[in-house]
Amino acid sequence: MITHSDTEFHSRDLTDKTWTETTVLIISVPEARIFGNAYVLARPNLGVTLSSVILAEGFCRQPYEVDFTDPQMHLPCPDSFSNYTLDNGLTVSTDGPRNYRMQYKNALGAASFDLTFEGLHEPFDPHDPNQNPLLDLDRETSHDPRKGNEWENGHFEVKGRIRGELELRGKTYQVESYEGMDHSWGPRPEVGTRSVSWVSINFGEDFAMHMAVPMRIERGQVFYDKIRFGYVVEHGEVFGLIDGTIEAERVDMLAFSNHVTATDVRGRKHEFFGSAIAGHPWYTFNPSHVCYQSLFRYERGSAVGYGEMGDIFGLDYLAERMSRHGRLK
């Protein structure tokens, strides 16, 4: 169960140099096809923080096409993880795991934003068996290196409403969207073996869905395994998922269309066909990983929704299967 204190740095072994705490906010202006993220990775035992902000319009298959990226390594780690300002111009404040505010002003004046996140529900804790019906099954495969250490110790997810203003290279956008944010904590050695998809589908205050799904690459093709964990939110009430599948078509590793199915603990089935309206590879959130992420458009009856689909790969995982020296091609 997630409590107010989980927005802060957690109790830890002070000798563990790999202890990591992260938070991320997904930023989108669907009508303008603007899509990006604000990410913070703190290592309090080392006293350092990584922060990456990325914003792009439409599809960007090459790094030079991305409108804005600001990755900052080895920033001083703040004393608090619930109210802090980093030297890259990012300020994060929260009064609990459901409500955040992120403000940012780039040193070169290329981008800025002031955004509030208002959670729609109590945070989802994948380590709580009352919320995650797949927890025991997931623990049986905890040795799978594709899962990584990122969600193994502590993690929560929240869906919410994001409002505010964003400026990108002199052009101002009003932000009014629904998306997710999260916070993870625990030991995290970065070895680049992860292969997991993070899927978010949002239809305002009425409905939202999240899925975490392991992936595998065979003969250069990406396949999605059964869901690791996930949930749906309907009118503020959370229901864990018991099953889920993903299929996707892609170009240069970026997903352009998908087919998502899920079944929740009530036995209700959910099915979505998505078309991407923006996407780019995000190399700067972690030096050992890349996230091929796309902003998808979905329909649910007469309603239109949006959400990120981020396929996260460790660079070593990719190299073993796709590079010239790969041993698992």
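Read-outs throughout are calculated quantities, based only on the coordinates presented, and are distinct from any laboratory measurement. The structure displayed is predicted, hence computed values, not measured ones. Because the Cβ atoms are built from the backbone with ideal geometry, glycine has one as well, and the counts that use them run over all protein chains shown.
May I ask which residue of V196, Q221, I27 lies farthest towards the positive end of the charge dipole of segment 19-322, with charges of +1 (Lys, Arg) and -1 (Asp, Glu) on Cβ and the Cα centre as origin? So the residue we want is Q221.
With only Cα atoms counted, segment 19-322 has Rg and Dmax values of 17.9, 52 Å.
Report, ordered by chain and residue number, the aspartates and glutamates lying within cross-link reach of K171, taken as a straight Cα distance under 16 Å and ignoring same-chain residues fewer than 8 apart. Counting by Cα, and skipping residues close in sequence, K171 has these aspartates and glutamates nearby: E31, E57, D67, D114.
Think of each Lys and Arg Cβ as +1 and each Asp and Glu Cβ as -1; about the Cα centre, that makes the dipole of the chain roughly 960 debye. Report note on the peptides 100-107, 204-211, 321-328: ranked by the mean count of other C-beta atoms within 10 Å, highest first, their order is 204-211, 100-107, 321-328. Annotation: peptides 55-66, 300-311, 3-14, ranked by per-residue average of other Cβ atoms within 10 Å with the highest first, follow the order 300-311, 55-66, 3-14. The order of V199, V213, going from fewest to most other C-beta atoms within 10 Å of their C-beta, is V213, V199.
Amide H to amide H, which residues 5 or more places from F81 or on other chains are under 5 Å from it, using H placed in the peptide plane? When sequence neighbours closer than 5 places are left aside, the close amide H contacts are F9. Compactness check for segment 277-329: Cα Rg over 2.2 N^0.38 Å is 1.53. Karplus-based coupling profile of segment 286-301, in residue order and whole Hz: 6, x, 9, 9, 9, 10, 7, 10, 9, 9, 9, 9, 10, 10, 9, x, with θ = phi - 60° in 6.51 cos²θ - 1.76 cosθ + 1.60 and x standing for Gly or Pro. Converting phi to 3J(HN,Hα) with the Karplus coefficients 6.51, -1.76 and 1.60 and the offset θ = phi - 60°, segment 79-92 yields 6, 10, 9, 10, 7, 7, 10, 9, 5, 8, x, 9, 10, 10 Hz in sequence order, with x at every glycine or proline.
Shown for T22, T172, T263: other C-beta atoms within 10 Å of each C-beta, ranked fewest to most, produce the order T172, T263, T22. Excluding same-chain neighbours fewer than eight residues apart, the lysines reachable from K269 by a Cα-Cα span under 16 Å are K226. Binning the alpha carbon pair distances of segment 190-248 at 10 angstrom intervals from zero yields the distribution 22, 43, 25, 9, 0, expressed in whole percent. Relative to the compact-globule estimate of 2.2 N^0.38 Å, the Cα radius of gyration of segment 1-114 comes out at 1.14.
Karplus-based coupling profile of segment 116-130, in residue order and whole Hz: 10, 10, 10, x, 9, 7, 5, x, 8, 10, x, 9, 9, x, 6, with θ = phi - 60° in 6.51 cos²θ - 1.76 cosθ + 1.60 and x standing for Gly or Pro.
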